[in-house]
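For reference, the structure is listed below as structure tokens.
The values are calculated or read from the model by the stated rules, or taken from the named source; none is laboratory data. Note that the coordinates shown come from a computational prediction; the quantities given were computed from them, not determined experimentally. Every residue, glycine among them, receives a Cβ derived from its backbone with ideal geometry; neighbour counts consider all protein chains shown. Side chains are part of the model used for accessible areas, which takes the heavy atoms of the whole protein and leaves out ligands, DNA and RNA. Shrake-Rupley method; radii C 1.70, N 1.55, O 1.52, S 1.80 Å.
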Amino acid sequence: MQGATVCVTHGGAAPQVKRAAGKRLAVAEWAKSFGAPAEDADPSQTVLDEIRWSAGHVAWLRERVQETEPEALVWGVDSEVDKGSGEFKGVDVTKAAKASMWVQLYGQERDRLTRMCEVAHRMGIAARQVELAERVGSLMADLLRGVLGDLALTEEQQVAASEAVPRHLRLIGGALAGAA
């Protein structure tokens, strides 16, 4: 039997064995679906990844909310009771004014996104990203100054380089901003 540690002949048909086998299969499926824990997860990167995931979830849920009829967002079925027997057979439907499940999920995910952004702020992630960008910029400037100095350019070439370098740096900066 799948998930069981014993065969049917040796007790595998017992309800408790079936439950345990089901639990083992569910755990295995969960591990396959959600993955194993990361060995060396960087906390900053993990928070940024969660922010990106949550932002994607918020965008998707916003679309679901926008697709829903306005009245259905705040008014709908609260409960249904199927009375299959008795004097008054049928389904009793109770409607109430309350937020739809899409609105509730959207709000919960927005709250999660806000909390993760607060965590990132407390961790100083944005400040570290700015520091890193400044260091990379400084290193790039040093590299370019060194390379241009080693080339012993003529005055005309130095003028051309002073125009070309900033133009190409802006292109790189634009590409990096688009990737973020």
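Miscellaneous remarks
- Residue check for Val165: within 30 Å of Val58 (Cα to Cα), part of a helix (DSSP H, G or I) and of a type in the set (Val, Ile, Thr): no
- Residues being open to solvent by less than 80 Å² (accessible area, probe 1.4 Å) and part of a loop (DSSP other than H, G, I, E, B) - total across the range 65-91: 3
- Of everything in the range 163-180 that is of a type outside the set (A, V, I, L, M) and open to solvent by less than 80 Å² (accessible area, probe 1.4 Å), the residue that is farthest from Leu132 (Cα to Cα) is Pro166.
- So Ala26, is it more than 32 Å from the chain's Cα centre (by Cα) and surrounded by 11 or more Cβ atoms within 10 Å (Cβ to Cβ): no
- Test: residue in the range 67-75 that is closer than 30 Å to Cys117 by Cα, more than 23 Å from the chain's Cα centre (by Cα) and hydrophobic (A, V, I, L, M, F, W, C): yes
Matching residues to (1) farther than 26 Å from Ile51 by Cβ; (2) touching a residue at least 12 places away in the same chain (Cβ under 8 Å); (3) open to solvent by less than 60 Å² (accessible area, probe 1.4 Å):
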residue: Val93; (1), (2), (3): yes, yes, no
residue: Val103; (1), (2), (3): no, yes, yes
residue: Gln108; (1), (2), (3): no, no, no
residue: His121; (1), (2), (3): no, no, no
residue: Leu151; (1), (2), (3): yes, no, no
residue: Ala161; (1), (2), (3): yes, yes, yes
